[in-house]
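Input: a single structure, listed below in structure tokens.
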Amino acid sequence: MTVCTFDELLLGVEKPSRYIGTEVNARRRNNRGLNFLLAFPDAYEVGMSHHGLQLLYSILNAQPNINAERCFAPWLDREKQLRLHQLPLTSLETQTALADFDVIGFSLQYELSYTNVLNMLDLGQIPIRCNCRETKHPLIIAGGPCCFNPAPLVAFIDAFVIGEGEEIVTEIAAVVAEGKKKKLSRFGVLENLAAIPGIYVPSLHKKNQVIKKRTIPDMNKWIHPEKPVVPLMQTVHDRIVLEIARGCTRGCRFCQAGIIWRPYRERNPSLLLKIAEKALSATGHDEISLLSLSSGDYTYIKPLIQSLIRKHYAQRVALALPSLRVESLNETVIEEIKRIRKTSFTLAPEAGTEKMRRIINKGNTSEDLLTTIDKVFSAGWKSIKLYFMIGLPGEGQDDLEGIVDLSHAAMRAAKNRGQLTISLSTFVPKPHTPFQWEQQISLEETYARQNFIRQRIKNRRLSVKWHDARMSFLEGIFSRGDESLGLLLEKAFQNGCRFDGWSENLRFDLWRKSLQETDVDTEHFLRARGTTKALPWDNINCGVSREFLLREKQKAQKSLPTADCRFGECQLCDVCDFTNIKNILATADNNQILPPVEKPTDQSVAGQKTYRFSFRKIGLARFLSHLEISAALTRSFRRSDLPIIYSAGYHPHPKISYATATAVGIESFQEYMDVAVGNYTGDLALLKKTINSALPQGLEINEIEIIPSGKKSLAASLYGFIYELRLPADMDNDRLEIIKNNIDVFLTSPSFYIPRLSKGVMANKDIRPFIKSIFFDTQEKKIEYTIRFSQKGSLKPLDIIVHVAGFSKAEAENIHVIKTRTILV
């Protein structure tokens with residue numbers, strides 16, 4: 001078997017930036033403390049968008065004797081590589097094998113990530129079942145909303161964290177570190193973990209022993225993360241996440257998050273402004289997302305938005321509110337957000353009729369929705385997304401018609417000013433909700449209801465998207481599943497199921513096969529449950545009483561509302577002790593919020609100049625794409641307070657132009673870009689140092705110069721490139737002689753045609769005019785060549801490697817390509 005280096009393997013995968021781990025603000029330490037791995041069982045771009053991961057990473061690494069690192073589920077091509085070369089899955093920061101960590105903590109946000117959990121353990125060379133692990137293996141813990149029904153995973157997870165993790169994560173670390181110091185057995189460490197409130201250890205706790213969730217009483221005491229890790233690639237949510245509140249007391253009866261994260265706790269606006277300022281300074285991001293189950297409910301939402309927009313207007317920092325109730329979006333919010341750019345709006349009417357909204361305790365009306373749509377489009381937005389659920393308890397044909405009718409009414413309210421997207425998801429009953437006893441509609445019924453709506457909504461300005469019914473089917477099985485599903489999960493993993501939450505990767509055929517092989521009755525898990533029967537999650541206490549959930553179920557059957565306890569009397573859900581655990585609304589005085597000011601003027605372009613940057617991408621940075629490099633450089637400029645000039649229009653962007661885009665995998669010692677800069681009087685040497693300190697490892701500014709007015713643009717100045725091809729060190733002399741002869745033939749040929757695909761048609765292209773020179777150093781085993789650039793294009797290094805030197809495409813992956821110079825004239 002050929003042994004490949006880490007770099008060589010990255011050449012063969014999609015999006016290698018997923019695996020590099022050289023991000024700005026990533027922590028790399030090698031002390032002898034506790035090694036704690038935060039594992040997210042989904043792709044990098046999903047995991048790095050999750051606020052909880054950034055939060056725990058920051059908290060753990062703030063401790064002097066803890067090394068916290070990250071690991072994400074490897075994509076299918078990466079897994080194939082690891083298995084082919086018998087290599088273990090490793091952490092991002094130090095490439096440490098999973099089996100060498102002391103503790104691994106999985107974040108369980110979605111039931112369809114469970115097969116990835118088993119796959120990551122297996123790739124990490126750790127036994128997937130708890131009873132097969134020894135003291136030498138890391139402890140496997142899990143936290144997140146899925147842990148409120150841990151039953152399907154008890155065979156694989158040593159300990160579950162029930163509730164919020166800010167405090168408990170350091171308590172876990174202390175117990176494991178003490179066990180490591182005292183050389184306790186695995187059983188001994190688990191015994192000590194089981195004594196921590198909020199920890200459930202299946203192998204030690206009795207079936208009827210209730211574990212109460214952990215709750216952070218006051219969100220104002222937690223400011224992490226101050227320096228979020230800046231992803232190398234574009235993530236699902238590529239922005240600063242500012243958690244303005246946690247919990248919700250609106251009481252939507254289908255919503256698990258609104259129950260398990262009670263009570264409702266807001267952060268004070270003064271703290272939020274400080275956190276935002278620090279995070280923007282540490283990352284260079286150009287957007288802030290306000291995180292809450294319902295952002296519009298925040299007590300000081302209007303002044304907070306005004307302050308954030310006005311404070312960071314000069315830096316063109318946009319604001320996004322991803323979770324909004326229909327009635328909470330008003331003119332003030334809309335006008336402030338559009339000052340920078342029009343971020344997306346998703347409105348959630350949830351149901352199409354007033355009847356259904358009463359059943360689910362969703363207090364908005366159709367008129368609220370239509371009024372809001374008119375406001376948004378009147379303010380200049382071009383698109384809105386509406387979110388509906390199908391399969392809710394009590395839903396009838398008239399309610400499906402209601403979704404259709406309301407969608408058409410929304411289209412009329414839009415008045416042809418933009419695009420509406422109708423998003424349909426299938427209701428999945430969740431533990432610890434008033435609907436936890438309800439039946440989930442079948443796969444066939446889901447298809448029927450989706451088709452009913454799709455066939456009746458046909459308008460070029462009204463598109464319909466729907467959640468994959470097969471995913472909802474599987475989610476429903478595991479959401480309310482019991483311990484017997486461990487066999488099904490293990491079988492599905494063994495059969496090859498991975499990334500089940502991605503439509504393009506869901507192998508439903510393999511799931512059907514696994515269901516047959518384990519004889520699982522799916523109807524058993526999707527059925528309605530009796531309210532007097534025991535449930536698999538009865539040993540988990542989320543703080544809200546069973547009696548309250550039953551009362552809410554009965555109210556739903558009678559279409560009766562339940563008021564929000566923030567603004568009325570207590571609804572006796574039992575989550576509050578009214579001493580430490582209680583609703584907390586933000587407080588502010590006149591000095592905590594920026595006073596109203598005139599709309600900030602646009603950045604002056606007086607004194608605008610063009611700065612030409614020469615930069616390099618070396619080492620692991622060569623695996624970054626052009627877009628990823630551009631984003632990293634732009635963020636570094638923002639962190640350096642360089643007054644970049646922005647374009648006007650719907651989505652302002654920095655005025656930056658590049659000489660060329662160098663392909664992924666190619667090192668480059670010299671790239672060029674021109675940047676339009678406003679009135680900047682600082683020292684260029686200091687600017688270079690500041691920018692370089694804000695760039696990921698391997699990306700570096702070589703020099704900066706100011707380009708006189710009237711000088712040719714980069715595109716007009718570009719002449720060509722000098723490349724160096726470093727051949728494998730073990731290449732024998734016979735092969736070197738063949739390569740030399742191939743190059744000699746090329747140099748003596750007046751023309752040299754190679755096949756090239758152009759506009760879908762294969763044609764022969766003469767590449768000889770592009771090559772100025774080629775030199776082959778057989779001693780150093782490297783080829784140096786100079787190519788010309790023209791408006792008709794240029795040559796790729798692969799053209800030289802394959803067609804001139806005579807390598808196969810497979811061999812080309814082992815040749816190190818370096819652009820040593822970009823030639824300007």
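The values are calculated or read from the model by the stated rules, or taken from the named source; none is laboratory data. Please read these numbers as outputs of a predicted model, since none were measured by experiment. Cβ placement follows ideal geometry from the backbone for every residue including glycine, while neighbour counts extend to all protein chains displayed.
Annotations
- Residue count for the stretch 574-587, restricted to those that are closer than 19 Å to GLU547 by Cα and touching an Asp or Glu at 6+ places or on another chain (Cβ under 9 Å): 1
- Within the stretch 470-488, restricting attention to residues that are closer than 23 Å to HIS432 by Cα and aliphatic (A, V, I, L, M), the residue that is nearest to the chain's Cα centre (by Cα) is MET471.
- Residue pairs meeting the criteria (Cβ under 8 Å; at least 6 apart or on separate chains; first free of Cβ contacts under 8 Å to residues at least 24 places away in the same chain, in the stretch 149-169; second among the basic types (Lys, Arg) and not in a helix (DSSP H, G or I)): none
- Residue match in the stretch 226-239 (condition: over 21 Å from GLY165 (Cβ atoms) and in contact with a Phe, Trp or Tyr (Cβ under 6 Å, 6 or more places away or on another chain)): no
- Hits in the stretch 297-330 - residues which are of a type in the set (Phe, Trp, Tyr) and closer than 18 Å to ARG239 by Cα: TYR313
- Listed by position, the helices (runs of 4 or more DSSP H) contained in the stretch 312-418 that have at least 1 residues being of a type in the set (Ser, Thr, Tyr) are 331-337, 366-378, 397-414.
- Condition met for ASP500 (more than 18 Å from ARG129 (Cα to Cα) and crowded, with 22+ Cβ neighbours inside 10 Å): yes
- Qualifying positions in the stretch 307-355 - at pLDDT below 80, among the polar types (S, T, N, Q) and within 23 Å of the chain's Cα centre (by Cα): SER323, THR343, SER344
- The residues listed here are ASN131, ASN116; of these, the one that is assigned to a helix (DSSP H, G or I), among the polar types (S, T, N, Q) and over 27 Å from HIS51 (Cα atoms) is ASN131.
- Residue match in the stretch 82-105 (condition: in a helix (DSSP H, G or I) and farther than 28 Å from THR22 by Cα): no
- Restricting attention to the stretch 743-797, the residues that are surrounded by 11 or more Cβ atoms within 10 Å (Cβ to Cβ), free of Cβ contacts under 8 Å to residues at least 24 places away in the same chain and closer than 15 Å to GLU724 by Cβ add up to 3.
- Residue that is modelled with the highest pLDDT [pool: residues in the stretch 669-694 that are farther than 23 Å from SER717 by Cβ and among the β-branched types (Val, Ile, Thr)]: THR690
- The one condition from (1) more than 25 Å from VAL24 (Cα to Cα); (2) under 23 Å from the mean Cα position of the chain (by Cα) that ASN131 does not meet is (2).
- Residues within the stretch 1-24 that are assigned to a loop (DSSP other than H, G, I, E, B) and either out of contact with any helix residue (DSSP H, G or I) (no Cβ under 6 Å at 6 or more places or on another chain) or crowded, with 18+ Cβ neighbours inside 10 Å (or both), tallied: 13
Let's see how each residue does on (1) among the charged types (D, E, K, R); (2) touching a residue at least 40 places away in the same chain (Cβ under 8 Å); (3) touching a Cys at 6+ places or on another chain (Cβ under 8 Å):
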| site | (1), (2), (3) |
| --- | --- |
| VAL13 | no, yes, no |
| PRO16 | no, yes, no |
| ALA39 | no, yes, yes |
| ASP42 | yes, yes, no |
| HIS50 | no, yes, no |
| LEU53 | no, yes, no |
| TYR57 | no, yes, no |
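- LEU304 buried (at least 23 other Cβ atoms within 10 Å of the Cβ), closer than 30 Å to THR22 by Cα, at pLDDT below 95 and in contact with a Leu (Cβ under 8 Å, 6 or more places away or on another chain): no
- Across the stretch 704-741, the qualifying residues are those that are among the charged types (D, E, K, R) and farther than 25 Å from VAL817 by Cα, and the one among them that is modelled with the highest pLDDT is GLU705.
- Residue that is surrounded by the most Cβ atoms within 10 Å (Cβ to Cβ) [pool: residues in the stretch 555-591 that are closer than 30 Å to ARG316 by Cβ and modelled with pLDDT of 55 or more]: ALA586
- On inspection, THR94 passes the criterion of being surrounded by fewer than 22 Cβ atoms within 10 Å (Cβ to Cβ) and either on the phi < 0 side of the Ramachandran plot or free of Cβ contacts under 8 Å to residues at least 12 places away in the same chain (or both).
Each row is one residue, and each column tells you yes or no for (1) β-branched (Val, Ile, Thr); (2) closer than 21 Å to SER709 by Cβ.
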| site | (1), (2) |
| --- | --- |
| ARG616 | no, no |
| HIS626 | no, no |
| ILE629 | yes, no |
| ALA632 | no, no |
| ILE644 | yes, yes |
| SER647 | no, yes |
| PRO654 | no, yes |
| SER657 | no, yes |
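- Every pair of residues 6+ apart whose Cβ atoms lie under 7 Å, when the first sits in the stretch 519-541 and is not assigned by TED's automatic domain parsing to the domain that holds ILE259 while the second is among the β-branched types (Val, Ile, Thr) and surrounded by fewer than 18 Cβ atoms within 10 Å (Cβ to Cβ): ASN539/VAL210; ASN541/VAL210
- Residue tally, condition assigned to a loop (DSSP other than H, G, I, E, B) and among the aliphatic types (A, V, I, L, M), over the stretch 745-797: 2
- Of the residues making up the stretch 32-68, those that are under 17 Å from the mean Cα position of the chain (by Cα) and more than 22 Å from GLY163 (Cα to Cα) are ALA43, TYR44, GLU45.
- Among the residues making up the stretch 663-694, a single one is of a type in the set (Lys, Arg) and more than 27 Å from VAL817 (Cα to Cα): LYS689.
- Of all residue pairs spaced 6 or more apart or on separate chains, those with beta-carbon atoms under 7 Å, a first member in the stretch 490-510 that is assigned to a loop (DSSP other than H, G, I, E, B) and a second member that is basic (Lys, Arg) are GLY496/ARG507; CYS497/ARG507; ASN505/ARG498; LEU506/ARG470.
- For beta carbons closer than 7 Å, sequence separation of 6+ or different chains, a first residue in the stretch 215-226 that is closer than 25 Å to GLY543 by Cα and a second that is among the β-branched types (Val, Ile, Thr) and in a loop (DSSP other than H, G, I, E, B), the qualifying pairs are THR215/ILE581; PRO217/ILE581; TRP222/ILE216.
- Residue list for the stretch 605-654, restricted to those being touching a Pro at 6+ places or on another chain (Cβ under 6 Å) and at pLDDT 95 or above: PHE623, ALA632, THR634
- If you filter the stretch 650-704 down to residues that are in a loop (DSSP other than H, G, I, E, B) and charged (D, E, K, R), you find that the one that is surrounded by the fewest Cβ atoms within 10 Å (Cβ to Cβ) is ASP683.
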